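Trainee: What follows is a single structure, and I will ask about it in a moment.
The values are calculated or read from the model by the stated rules, or taken from the named source; none is laboratory data. Keep in mind that what you see is a predicted model, and the values were worked out from it rather than measured. Because the Cβ atoms are built from the backbone with ideal geometry, glycine has one as well, and the counts that use them run over all protein chains shown. With ligands, DNA and RNA removed, areas are computed over all heavy atoms of the protein, side chains included. Shrake-Rupley method; radii C 1.70, N 1.55, O 1.52, S 1.80 Å.
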Amino acid sequence: MNPEKIGAFICSLRKKKNMTQSELAEKLSVTSQAVSKWENGRGIPDIELLKQMSELFQVDLETLLNGEEKKKKIPHKLIIICILFFLLIFGIFFYFYKNRNTGFSFTDLVSTSEAFSVKGVAAYSDEQSSIFISDITYLGNETLKNYTSLECILYEEDGNVERKIGESANHSEEPKTLNDLLKQIEFHLDAFEVSCKNLSESSLYLAIHAKTKEEKTETYIVPLELTSCQNTH
């Protein structure tokens, strides 16, 4: 998934409907700032919002996640053959069309920690798989804590095997709160080659390493959970 591509596509769909960002935000029960963030490629909507936009713009979820309409070029000779033999092959075509599986399997990725809120999406198809995590928010009291750097590492743990699958960092010359630094943390993993079943059976978590101006590092462990996988056709 490409957040910038998806955002530009959402923007074009909205304009085709002659809607403002505020009008779209009202229909989705979100803020106009959230819509602006999506359209600027700084985040993507969660699964429920993608479903609502799919119905609103009358495009399927696969098209939304790809960020573009499918372009099919059919040779002229093939068009003629299809027209001539349409009645003969209609039954076979219909059967294979109804039984094909070209859609995405997808699931929300959320935090199970009471101290952190995390919004993410994992999407799978026969051709590609992606994980996108954004909007990491600390829910605790941080009024007296300030940090100069932040490193977030995404781990997959399967039994006794632990694997680092992504990392994101943010540095600041001036000390900032944990949430100020977390605003710039995102994970966009296109080459994450694991099936939804295997990923559901493993354990994902974020290790957040925050460094104070005194060079003291504080670590937060944020377990993540995938909701049940679904399939679109």
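Trainee: What is the one condition in (1) closer than 17 Å to LYS183 by Cβ; (2) modelled with pLDDT of 85 or more; (3) not aromatic (Phe, Trp, Tyr) that ILE44 does not satisfy?
Mentor: The single condition ILE44 does not satisfy is (2).
Trainee: May I pose another question? If you take the residues in segment 123-137 that are surrounded by fewer than 21 Cβ atoms within 10 Å (Cβ to Cβ) and not small (Gly, Ala, Ser), which one is modelled with the highest pLDDT?
Mentor: Applying the filter and picking the extreme gives THR137.
Trainee: State all residues of segment 1-53 that are in a loop (DSSP other than H, G, I, E, B) and of a type in the set (S, T, N, Q); if no residue qualifies, say none.
Mentor: ASN2, ASN18, THR20, SER29, THR31, ASN40, listed by residue number.
Results for (1) at pLDDT 75 or above; (2) open to solvent by 60 Å² or more (accessible area, probe 1.4 Å); (3) in a strand (DSSP E or B), shown as yes or no for each residue.
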| residue | (1), (2), (3) |
| --- | --- |
| GLU142 | no, no, no |
| ILE165 | yes, no, yes |
| SER172 | yes, no, yes |
| HIS188 | yes, yes, yes |
| LYS197 | no, yes, no |
| LEU204 | yes, no, yes |
| THR219 | yes, yes, yes |
| VAL222 | yes, no, yes |
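Trainee: Test each condition in (1) at pLDDT below 80; (2) touching a helix residue (DSSP H, G or I) at 6+ places or on another chain (Cβ under 8 Å) for GLN52 and report the one that comes out false.
Mentor: (1)
Trainee: Here are some residues: THR102, THR63. Which one is out of contact with any Leu (no Cβ under 6 Å at 6 or more places or on another chain), under 23 Å from ILE131 (Cβ atoms), assigned to a helix (DSSP H, G or I) and at pLDDT below 85?
Mentor: After applying the criteria, what remains is THR63.
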